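Each remark here refers to the structure printed beneath this line.
The values are calculated or read from the model by the stated rules, or taken from the named source; none is laboratory data. It should be emphasised that the depicted structure is a prediction, and the values quoted were computed from it without experimental measurement. With ideal geometry, Cβ positions are generated from the backbone for all residues, glycine too; neighbour counts draw on all protein chains shown.
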Amino acid sequence: MTQTKPLRLMIDYNLVDKRIVNALKSMEGVEAMTIIECGYPENTADEVLVNEGTVKHGRLLLTKDKTTITRGRYQPCTHGGVIVLKHRRPSPEIVLAAVSAFLQSSKTGVAVNHFTHINPDGAKIWTHTDPVEVRF
């Protein structure tokens, strides 16, 4: 049996819901920590989380912030990786379903150092070349 690397996530404060955090932490193939567990207070600037936190902790930032955390601001290969949930109101069920489907897609390794948009139907991973489309 082939051992795959776990999806290492740093959960942004805007997704810190006990149900989401506990479910992600118990999900097979995922190693999740909140930004607070990584040593960052809830009011930490996006730049610090993306540019420092993702690299320092070797984790992808999982966020629902579509306003200030954008791929235009955080270009591929300038950080450890970002996953933005592209849903108007991501409930715990939607977050978990999207992460689970992404995990099963076997494309999680491509997200490292890149900018990913994820929704319940699929994901788009922005790299330096053509974006990688993932359908769930």
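General remarks:
- Condition check for Lys18: closer than 17 Å to Thr116 by Cα and modelled with pLDDT under 95: no
- A single entry from Ile118, Ile83, Ile94, Ile69 fulfils the requirement of being part of a loop (DSSP other than H, G, I, E, B), touching a strand residue (DSSP E or B) at 6+ places or on another chain (Cβ under 9 Å) and of a type in the set (A, V, I, L, M, F, W, C): Ile69.
- Counted residues, region 21-53 - those being under 15 Å from the mean Cα position of the chain (by Cα), farther than 15 Å from Asp65 by Cβ and hydrophobic (A, V, I, L, M, F, W, C): 8
- Hits in region 25-55 - residues which are outside any loop (DSSP other than H, G, I, E, B) and over 18 Å from Gly109 (Cβ atoms): Lys25, Ser26, Met33, Thr34, Asp46, Glu47, Val48, Leu49, Val50, Asn51, Glu52, Gly53
- Residue count, region 116-129 (criterion: closer than 15 Å to Cys77 by Cα and touching a helix residue (DSSP H, G or I) at 6+ places or on another chain (Cβ under 6 Å)): 1
- Criterion: aliphatic (A, V, I, L, M) and under 16 Å from Arg8 (Cα atoms) - qualifying residue of Ile118, Ile94: Ile118
Conditions (1) surrounded by 14 or more Cβ atoms within 10 Å (Cβ to Cβ); (2) within 23 Å of Val21 (Cα to Cα), marked per residue:
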| residue | (1), (2) |
| --- | --- |
| Thr54 | yes, yes |
| Thr68 | no, yes |
| Gly72 | no, no |
| Ile94 | yes, yes |
| Phe115 | yes, yes |
| Lys124 | yes, no |
| Thr127 | yes, no |
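- Qualifying residue in region 28-46 (condition: closer than 21 Å to Asp121 by Cβ and either surrounded by 21 or more Cβ atoms within 10 Å (Cβ to Cβ) or out of contact with any Phe, Trp or Tyr (no Cβ under 8 Å at 6 or more places or on another chain) (or both)): yes
- Residues that are acidic (Asp, Glu) and closer than 21 Å to Pro6 by Cβ, drawn from region 30-68: Glu31, Glu37
- Annotation: of all residues in region 80-115 being on the phi > 0 side of the Ramachandran plot and out of contact with any helix residue (DSSP H, G or I) (no Cβ under 7 Å at 6 or more places or on another chain), the one that is modelled with the lowest pLDDT is Ser106.
- Checked against the criteria, Lys5 counts as among the basic types (Lys, Arg), surrounded by fewer than 18 Cβ atoms within 10 Å (Cβ to Cβ) and either part of a loop (DSSP other than H, G, I, E, B) or touching an Asp or Glu at 6+ places or on another chain (Cβ under 8 Å) (or both).
- Single unsatisfied condition, Gly39 versus (1) at positive phi; (2) of a type outside the set (A, V, I, L, M); (3) in contact (Cβ under 8 Å) with a residue 12 or more places away in the chain: (3)
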